[in-house]
1. Just add up the charged neighbours of C292: K/R +1, D/E -1, any other residue whose Cβ is under 12 Å from the Cβ of C292.
2. Once every DSSP H run of n ≥ 4 in the chain is given -39500 (n - 2.57) and the sum is divided by its residues, what mean residue ellipticity at 222 nm do you get, rounded to the nearest 500 deg cm²/dmol?
3. Relative contact order (percent) for the chain, with alpha-carbon contacts under 8 angstrom and 6 or more residues of separation?
4. Please give the contour-minus-distance gain from L98 to R170: 0.36 nm per residue of separation, less the Cα-Cα distance, rounded to one decimal in nm.
5. Which one of P95, P22, P289 has the biggest mean-square fluctuation once the chain is modelled by GNM with Cα springs under 10 Å?
6. Separation of the stretch 277-329 and the stretch 23-97 by C-alpha centroid, Å?
7. Quick check on the stretch 355-405: take the gyration tensor over C-alpha atoms, sort the square-rooted eigenvalues as a ≥ b ≥ c, and tell me if it's rounded (a/c under 1.5), prolate or oblate.
8. Output the antiparallel fraction of DSSP beta bridges having both residues in the chain, as a percent to the nearest 5.
Amino acid sequence: MAQALLSFKTPIFSSASSPLLPSRPLRAAVIGGGPAGSSAAERLASGGIQTLLIERSPAGSKPCGGAIPLCMLDEFSLPLDLVDRRVTRMKIVSPSNLVVDFGKTLKPHEYIAMLRREVLDSFLRDRARSSGADLVDGLFTGLDVPSGPSDPYVVHYTESVGRTALAGTRRAVEVDVVIGADGANSRVAKAIGAGDYGYAIAFQERIRLPEEKMGYYEDLAEMYVGSDVSPDFYGWVFPKCDHVAVGTGTVCAKAQIKQFQAGIRDRVKEKISGGKVIKVEAHPIPEHPRPCRVKGRVALVGDAAGYVTKCSGEGIYFAAKSGRMCGDAIVQASQNGRRMIGEDDLKIGYLKQWDKKYSTTFRFLDLLQSVFYGSNVAREALVEMCGDEYVQRMTFDSYLYKTIAVGDWKENVKMAWNVIGSFMRAKVVGREVERLRSV
Ligand SMILES: Cc1cc2nc3c(=O)[nH]c(=O)nc-3n(C[C@H](O)[C@H](O)[C@H](O)COP(=O)(O)OP(=O)(O)OC[C@H]3O[C@@H](n4cnc5c(N)ncnc54)[C@H](O)[C@@H]3O)c2cc1C
């Protein structure tokens, strides 16, 4: 078990009505060691909570494009050597193959960081461990929910096969608080009856390219839109150390995902020819937050809670951020592990803060997706609009720094007119593309 570290790093505000814990610190189990779980566990352990972090596959890699915003490097003190590629050029390609250079307004120090999830996740897990969390290589299998406000939850898990002498052993541990950070197929969410959410399925191939072809993607990422690539999302080519990740996703036509993957491969066939597929991966991406994200002393974070933005499919930053916010809320409410906490502490200290900070961002990106990804007409308009430097600046400010850029009102009015103009022009181009595809 983790040492009870009482470092008192976090500011304390009192949850004075909850009982003091007489002879031990608060005990927490975090299920899932992705960005959400590790960030939560790090904050809990360094804030004095006895923390168990259960990860079923520490050597695995979550299927993911691995693009993170610049602000995450600073905010989460990520060493720069975790970053495979610094993307300073982004191309967006329309159904009619209109190509727009989307990174023109990036400042010299700005870039999108591309990394491999196996690298990021093991770094974050190690950091949680050095903060005092006890890392268990095991599969969470179930949760017994107590009836009393201070009674323990019982977390059931199986020690991973083949890794220790005790491999395969079933275990049960008593804890006061549980954080479900076990991703889109969360068993913790099921255990507390948190309800379902709609999801997209995303498919990705990692392709090792010959050196000269890799050179093309040195600092370049590409996004492709079109009904050939996805009916409601985009296809991507993201560069990694010695390979590119080529993928796509869809909500409304999951059964055809392989056909859309063939579509994105076809669009980039010259650029990836001679490449060798080194990994094929697929995974659900949540569409919306779950109906319930806190129940009793159990909280969901990251994909388990449903924190992926529509339109961009971005979830790594939001996972780490929600894990951290939830961990902080528990540390504060428990006064660094000295008091029991309750459902209200999680609702006020974590959920309310989260919704206040991010619900507008999520709603805004939801709206953009429904406006721009629904038809080839809209996609042509989207790409044309992306050529506008003001649109680019606003987009990158919002993405890189995770604030909704407000901008200048005159420019905003101009942008609105430009959107209408783009739609009208795109209607003509879009119809033509549909006609050619149906021939
Ligand atoms: C193909 C694809 C591409 C993507 N590209 C991007 C991108 O470029 N940028 C971006 O920001 N987001 C991207 N996303 C979204 C991003 O991957 C997720 O939002 C992010 O991984 C969420 O982190 P998490 O910690 O909440 O969950 P996860 O990363 O899913 O971590 C959950 C962890 O829990 C573990 N676990 C699950 N069940 C159990 C269990 N029963 N017992 C123990 N452990 C368990 C898993 O092994 C895993 O390590 C992409 C998603 C997909 C599918």
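1. Working: positive: K190, R290, R293, K295, K347; negative: D196, E343.
In short, +3.
2. Numbers: 14 runs with 158 residues, N = 439.
The helix contribution divided over the chain gives -11000 deg cm²/dmol.
3. On the way: 973 pairs, mean separation 95.6, N = 439.
Taking the mean separation of contacting Cα pairs over the length of the chain, I get 22 percent.
4. Numbers: separation 72, 0.36 × 72 = 25.92 nm, distance 5.66 nm.
Value of the extension gain: 20.3 nm.
5. It is P22.
6. Measuring centre to centre over Cα atoms gives 11 Å.
7. Details: a/c = 4.01, a/b = 1.36, b/c = 2.95.
Verdict is oblate for the stretch 355-405.
8. Values: 48 of 69 bridges.
Within the chain, antiparallel bridges account for around 70 percent of the total.
A short reminder: the numbers here are calculations on the coordinates, not readings from a lab. Here the structure is a predicted model, which is why all the values come from computation and not from measurement. Neighbour counts are summed over all protein chains in view; Cβ atoms, including those assigned to glycine, are modelled from backbone coordinates with ideal geometry.
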